[in-house]
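Colleague: Can you read through this structure? Questions will come right after.
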Amino acid sequence: MGIPLFHYMDNQLESKIRNLEKRTAHLEPPDGDMERWVGEAWQYAGRFIGQIRMRKSYEAHHRPKENWTDFSEPTAFKDILQDIEEHIDSSGINPASGGHLGYIPGGGIFPSALGDFLAAVTNRYAGIYFANPGAVELENALLDWLRKLFNFPSSCLGNLTSGGSIANLIAITTARDKHDIRNASRHTIYLTAQAHHSNIKALRIAGLGHCQMRIVPMDARFRMDASRLREMIEEDRAAGLQPFLLISAIGSTDTGAIDPVRELGEICRKEGLWYHIDAAYGGFFILVDSLRHHFSGIELADSLVVDPHKGLFLPYGSGAVLIREGKYLRQAHGYEANYMQDAHENPRHTSPATLSPELTKHFRGLRMLLPLKLFGIAPFKSALEEKFLLCQYFYEEIGKRGFERGPQPELSVAIYRFIPPKGDVNNFNKRLIAEIHRDGRIFISSTMIDGAFWLRIAVLCFRTHKYHIDLLLELLESARDKCLSEID
Ligand SMILES: *Cc1c(COP(=O)(O)O)cnc(C)c1O
């Protein structure tokens with residue numbers, strides 16, 4: 001029951017509605033206001049991009065804002081922008097900066113912002129074909145482009161997600177339902193100690209936390225040891241367990257290691273395991289001709305995760321999952337609802353809502369389409385090859401400067417550390433990275449591998465060029481000298 005109508009006399013009801021309509025009109029501002037805001041937003045964005053090389057990649061000092069949620073009066077856009085600059089864009093890591101060489105760097109390629117802008121203004125419903133055939137067609141076309149890029153068969157279906165973690169969750173949920181896992185404790189899952197934690201999280205969310213986890217040993221380059229995997233599967237079968245899922249990576253987060261793709265695929269085929277490849281970091285290096293051989297056998301995967309907000313340089317909010325036999329994706333995520341009866345499925349155009357946990361969703365297709373259309377694919381290939389070579393260059397140069405290095409990078413991640421003549425090695429390297437963070441022009445991160453503290457470099461921001469690598473080398477040298485002088 002709404003407002004009891006008898007509270008209003010007839011004409012009172014109408015005048016009340018008219019009154020409210022006048023006030024509501026504020027939500028549809030005059031063209032002049034909108035144009036001015038777009039101009040102010042562009043001024044802010046243009047200055048942000050223009051000054052990015054002069055600004056730090058990392059700033060620890062943060063000034064919190066007290067009253068974000070004072071909505072009592074309208075605020076001028078200029079004032080809001082100033083708050084965004086002071087309280088959001090001046091501290092922490094700047095993932096849009098070419099100096100961001102930590103974790104897995106982000107993108108922020110400009111045309112995607114226009115895609116998001118248009119998607120928000122037109123607010124097209126990209127969840128269901130019936131609601132917007134064109135939006136769903138576009139997203140399906142982008143997924144089909146990915147399918148061909150990664151050599152998947154036409155039976156494949158996929159989904160554009162908000163990121164790699166959700167994409168991993170969708171893949172693992174699909175594997176679970178395909179294998180009809182009921183008594184999880186009898187089923188075994190194989191992965192290495194280098195598997196990205198989002199996979200473990202997804203297993204837990206999907207109710208597979210009680211499966212037996214088998215940590216497969218790695219070779220000296222942190223790649224899964226396929227022969228050990230074979231033995232472990234045999235042992236588990238002999239013990240009456242049911243091997244069901246393999247989680248592997250093309251480009252591990254710590255070291256960029258690539259598991260032996262084809263060999264693992266053949267084992268999974270023979271043993272009836274679901275073969276999941278997490279290529280959230282490394283996937284788009286397939287665009288680089290000289291690196292394509294790493295991907296040979298990828299077509300054997302049952303599920304594949306890639307992250308356009310990493311390797312295609314899109315802003316955060318874009319992952320993707322491909323499932324080789326699309327019907328399993330639909331089985332795991334399809335639904336029926338009475339109030340959706342008008343939204344009948346078109347047999348030729350699968351709706352995203354039947355293939356993912358989301359119903360209403362952001363129309364992600366435009367932010368992916370615009371940069372690829374406006375620039376063409378060539379500069380993406382060049383940028384990825386440049387990032388790969390920049391990492392090789394860093395690896396050579398840091399070796400010349402007396403640092404210990406991890407394995408030769410297969411993609412664009414490398415680990416390294418300095419061994420001081422005396423004192424605790426881990427502590428020395430912790431002090432070293434603290435110096436780099438204090439300076440802030442370049443941001444790097446670190447990791448622990450078997451109790452050893454390693455510094456990492458990950459080159460994937462489209463704005464990272466040789467300038468940033470040379471600056472990091474300089475910063476590392478002076479930080480090393482400073483820390484060495486503090487030992488004596
Ligand atoms: C980044 C990453 C993820 C997680 O993806 P998000 O987009 O951060 O959710 C998963 N696996 C690997 C290998 C990654 O590099």
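Colleague: In the range 270-281, is there at least one residue being β-branched (Val, Ile, Thr) and in contact (Cβ under 8 Å) with a residue 40 or more places away in the chain?
Modeller: Keep residues of the range 270-281 that are β-branched (Val, Ile, Thr), which gives 277.
Then keep just the ones that are in contact (Cβ under 8 Å) with a residue 40 or more places away in the chain; that gives none.
No, every residue in the range 270-281 fails to be β-branched (Val, Ile, Thr) and in contact (Cβ under 8 Å) with a residue 40 or more places away in the chain.
Colleague: Tally up the residues in the range 390-416 that are surrounded by fewer than 22 Cβ atoms within 10 Å (Cβ to Cβ), not acidic (Asp, Glu) and not in a loop (DSSP other than H, G, I, E, B), please. Break it down stepwise before answering.
Modeller: Here is the first cut: in the range 390-416, the residues surrounded by fewer than 22 Cβ atoms within 10 Å (Cβ to Cβ) are 390, 392-393, 395-397, 399-405, 407-408, 416.
Add one more test, that the residue is not acidic (Asp, Glu), and what stays is 390, 392-393, 395, 399-403, 405, 407-408, 416.
Pick out the ones that are also not in a loop (DSSP other than H, G, I, E, B) and you get 390, 392-393, 395, 399-400, 405, 416.
Of the residues in the range 390-416, 8 are surrounded by fewer than 22 Cβ atoms within 10 Å (Cβ to Cβ), not acidic (Asp, Glu) and not in a loop (DSSP other than H, G, I, E, B).
Colleague: Of the residues SER185, SER227, which single one is modelled with pLDDT under 95 and farther than 30 Å from PRO352 by Cα?
Modeller: Just a single option satisfies the conditions, and that option is SER185.
Colleague: Between LEU191, LEU169, which is within 14 Å of the ligand (Cβ to nearest atom) and more than 27 Å from GLY365 (Cβ to Cβ)? I'd like the intermediate steps shown before the answer.
Modeller: Working: LEU169 fails: more than 27 Å from GLY365 (Cβ to Cβ).
Residue meeting the stated conditions: LEU191.
Colleague: Looking at the range 234-254, which of the residues that are in a loop (DSSP other than H, G, I, E, B) and at pLDDT 95 or above is surrounded by the most Cβ atoms within 10 Å (Cβ to Cβ)?
Modeller: GLY251
Colleague: A follow-up question, please. Please determine whether any residue of the range 123-135 is assigned to a helix (DSSP H, G or I), without any contact (Cβ under 8 Å) to a residue 40 or more places away in the chain and of a type outside the set (D, E, K, R).
Modeller: yes
Colleague: Are any of the residues in the range 178-185 under 17 Å from the mean Cα position of the chain (by Cα) and surrounded by fewer than 22 Cβ atoms within 10 Å (Cβ to Cβ)? Steps first, answer last, please.
Modeller: Just the residues of the range 178-185 that are under 17 Å from the mean Cα position of the chain (by Cα), to begin with: none.
No, that holds for no residue.
Colleague: Then there's this: Taking TYR190 as meeting all but one of (1) in contact (Cβ under 8 Å) with a residue 60 or more places away in the chain; (2) closer than 14 Å to SER252 by Cα; (3) in contact with a strand residue (DSSP E or B) (Cβ under 6 Å, 6 or more places away or on another chain), write down the number of the exception.
Modeller: (2)
Colleague: Name the residues in the range 76-132 that are within 16 Å of the ligand (Cβ to nearest atom) and of a type in the set (Phe, Trp, Tyr), would you?
Modeller: TYR103
Colleague: Report whether or not ASP307 is at pLDDT 95 or above, closer than 29 Å to ARG364 by Cβ and touching a strand residue (DSSP E or B) at 6+ places or on another chain (Cβ under 7 Å).
Modeller: yes
Colleague: Among the strands (runs of 3 or more DSSP E) contained in the range 271-350, which hold 1 or more residues that are within 19 Å of PRO379 (Cβ to Cβ)?
Modeller: In the range 271-350, the matching strands (runs of 3 or more DSSP E) lie at 303-306.
Colleague: Collect the residues in the range 318-336 that are within 16 Å of the ligand (Cβ to nearest atom) and in contact with a Lys or Arg (Cβ under 7 Å, 6 or more places away or on another chain), keeping them in residue-number order.
Modeller: SER318, LEU322, listed by residue number.
Colleague: Go through LEU203, LEU273, LEU229, LEU245 for me and flag whichever is touching a Phe, Trp or Tyr at 6+ places or on another chain (Cβ under 9 Å), within 16 Å of the ligand (Cβ to nearest atom) and farther than 24 Å from SER446 by Cβ. Walk me through it before giving the result.
Modeller: Working: LEU203 fails: touching a Phe, Trp or Tyr at 6+ places or on another chain (Cβ under 9 Å); LEU273 fails: within 16 Å of the ligand (Cβ to nearest atom); LEU229 fails: within 16 Å of the ligand (Cβ to nearest atom).
Being touching a Phe, Trp or Tyr at 6+ places or on another chain (Cβ under 9 Å), within 16 Å of the ligand (Cβ to nearest atom) and farther than 24 Å from SER446 by Cβ holds for just one of LEU203, LEU273, LEU229, LEU245, which is LEU245.
Colleague: Within the range 298-310, how many residues turn out to be β-branched (Val, Ile, Thr) and more than 12 Å from the ligand (Cβ to nearest atom)?
Modeller: The total comes to 1.
Colleague: While we're looking at this one, here's another question. Of PHE313, PHE284, PHE295, which residue is within 16 Å of the ligand (Cβ to nearest atom) and over 13 Å from the mean Cα position of the chain (by Cα)?
Modeller: Of PHE313, PHE284, PHE295, the one residue that is within 16 Å of the ligand (Cβ to nearest atom) and over 13 Å from the mean Cα position of the chain (by Cα) is PHE295.
Colleague: Here is a further query. Determine if the range 336-347 includes at least one residue that is within 23 Å of ILE104 (Cβ to Cβ) and either of a type in the set (D, E, K, R) or surrounded by 24 or more Cβ atoms within 10 Å (Cβ to Cβ) (or both).
Modeller: Restricting attention to the range 336-347, the residues satisfying the condition of being within 23 Å of ILE104 (Cβ to Cβ) are none.
Checked the range 336-347: no residue is within 23 Å of ILE104 (Cβ to Cβ) and either of a type in the set (D, E, K, R) or surrounded by 24 or more Cβ atoms within 10 Å (Cβ to Cβ) (or both).
Colleague: TYR58 versus (1) closer than 21 Å to ILE436 by Cα; (2) of a type outside the set (S, T, N, Q); (3) at pLDDT 95 or above; (4) within 16 Å of the ligand (Cβ to nearest atom): which is the lone unmet condition?
Modeller: (4)
Colleague: Separate question: Listed residues ILE286, ILE323; which is closer than 23 Å to GLU386 by Cα, in contact (Cβ under 8 Å) with a residue 40 or more places away in the chain and buried (at least 17 other Cβ atoms within 10 Å of the Cβ)?
Modeller: ILE286 is the lone residue from the list that is closer than 23 Å to GLU386 by Cα, in contact (Cβ under 8 Å) with a residue 40 or more places away in the chain and buried (at least 17 other Cβ atoms within 10 Å of the Cβ).
Here is a yes/no grid of residues against (1) touching a Ser or Thr at 6+ places or on another chain (Cβ under 7 Å); (2) modelled with pLDDT of 95 or more:
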position: PHE48; (1), (2): no, yes
position: GLN51; (1), (2): no, yes
position: GLU66; (1), (2): no, no
position: THR69; (1), (2): no, yes
position: PHE77; (1), (2): no, yes
position: GLU86; (1), (2): no, yes
position: ASP89; (1), (2): no, yes
position: TYR103; (1), (2): yes, yes
position: PRO111; (1), (2): no, yes
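The values are calculated or read from the model by the stated rules, or taken from the named source; none is laboratory data. This structure is a prediction, so every number in the text was calculated from the model and none was measured. Positions of Cβ are generated from backbone atoms using ideal geometry, with glycine treated the same way; all protein chains shown enter the neighbour counts.
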